[in-house]
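Enquirer: I'd like to ask you about the structure that follows.
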Amino acid sequence: MDEVQEYVENIDVKWQEAYQKVAKIIAENIPKEFVLQMQYGMPTYVVPLSVFPTGYLGREDEPLPFISLAAQKRHLSLYHMGIMGNKALLTWFQDEYKKTIPTKLNMGKSCIRFTNPKNIPYALIGELVTKMSMEDWVAIYTRFAEKDKQ
């Protein structure tokens, strides 16, 4: 059994169905160049090292993460790394979320938290993951990495 499958099988029953729905929506909509693997203890779509050999934070053995999905004790966490580096995408998501879900958006810099399995905007998540190509994400990340060096 691979690590991702093992992770999914060990999710609390309360989150199992919602997690699998979100995971399926992401898998169906994410640009095919991203690769799914375990990273930081959760299933993560990454930019393969063959595409971005510099790696995450300059670590040549660690692929650049893009989207991760985790089941926590009290919520599902969707980490979309590109959303914090793209103001237009963030604004679009926040506006569409308000139109779709009656509850307040629970979000950190790149982490979107869903605390109620009944209030998950599946179609919106599917649309969100289509809005950034691997090329776009690598360009955004590279700009931020260069700023950090200065």
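The values are calculated or read from the model by the stated rules, or taken from the named source; none is laboratory data. Since the structure is predicted, the reported quantities are computational estimates derived from the model, not experimental observations. Using ideal geometry, Cβ is built from the backbone for each residue, glycine included, and neighbour counts are taken over all protein chains shown.
Enquirer: Looking only at residues in region 74-98 that are in a helix (DSSP H, G or I) and surrounded by fewer than 17 Cβ atoms within 10 Å (Cβ to Cβ), which one is modelled with the lowest pLDDT?
Expert: So, considering only residues that are in a helix (DSSP H, G or I) and surrounded by fewer than 17 Cβ atoms within 10 Å (Cβ to Cβ), the one modelled with the lowest pLDDT is K87.
Enquirer: Give me a count of the residues in region 10-33 that are over 15 Å from K73 (Cα atoms), in a helix (DSSP H, G or I) and either polar (S, T, N, Q) or without any contact (Cβ under 8 Å) to a residue 12 or more places away in the chain (or both).
Expert: Of the residues in region 10-33, 4 are over 15 Å from K73 (Cα atoms), in a helix (DSSP H, G or I) and either polar (S, T, N, Q) or without any contact (Cβ under 8 Å) to a residue 12 or more places away in the chain (or both).
Enquirer: Which one of these does Y141 not meet: (1) within 24 Å of L64 (Cα to Cα); (2) more than 14 Å from the chain's Cα centre (by Cα); (3) part of a loop (DSSP other than H, G, I, E, B)?
Expert: Of everything listed in (1) within 24 Å of L64 (Cα to Cα); (2) more than 14 Å from the chain's Cα centre (by Cα); (3) part of a loop (DSSP other than H, G, I, E, B), Y141 misses just condition (3).
Enquirer: Within region 121-144, track down each residue that is among the hydrophobic types (A, V, I, L, M, F, W, C) and either touching a Ser or Thr at 6+ places or on another chain (Cβ under 6 Å) or surrounded by fewer than 15 Cβ atoms within 10 Å (Cβ to Cβ) (or both).
Expert: Scanning region 121-144 gives A123, L124, A139, F144.
Conditions tested, residue by residue: (1) in contact with a Lys or Arg (Cβ under 9 Å, 6 or more places away or on another chain); (2) more than 26 Å from P53 (Cβ to Cβ); (3) of a type in the set (K, R).
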position	(1), (2), (3)
I101	no, yes, no
L105	yes, yes, no
M132	no, no, no
A139	no, no, no
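Enquirer: In addition: Going through L76, L124 one at a time, which residue ends up being in contact with a helix residue (DSSP H, G or I) (Cβ under 9 Å, 6 or more places away or on another chain) and in contact (Cβ under 8 Å) with a residue 60 or more places away in the chain?
Expert: The match here is L76.
Enquirer: Exactly one of these conditions fails for I67: (1) farther than 19 Å from Y7 by Cα; (2) under 13 Å from the mean Cα position of the chain (by Cα); (3) hydrophobic (A, V, I, L, M, F, W, C). Give me its number.
Expert: Answer for I67: the failing condition is (1).
Enquirer: While we're here: Looking only at region 55-73, which residues are of a type in the set (A, V, I, L, M, F, W, C) and modelled with pLDDT under 95?
Expert: So the first thing to find is which residues in region 55-73 are of a type in the set (A, V, I, L, M, F, W, C), and the list is 57, 64, 66-67, 69-71.
Within region 55-73, just L57 meets the criteria.
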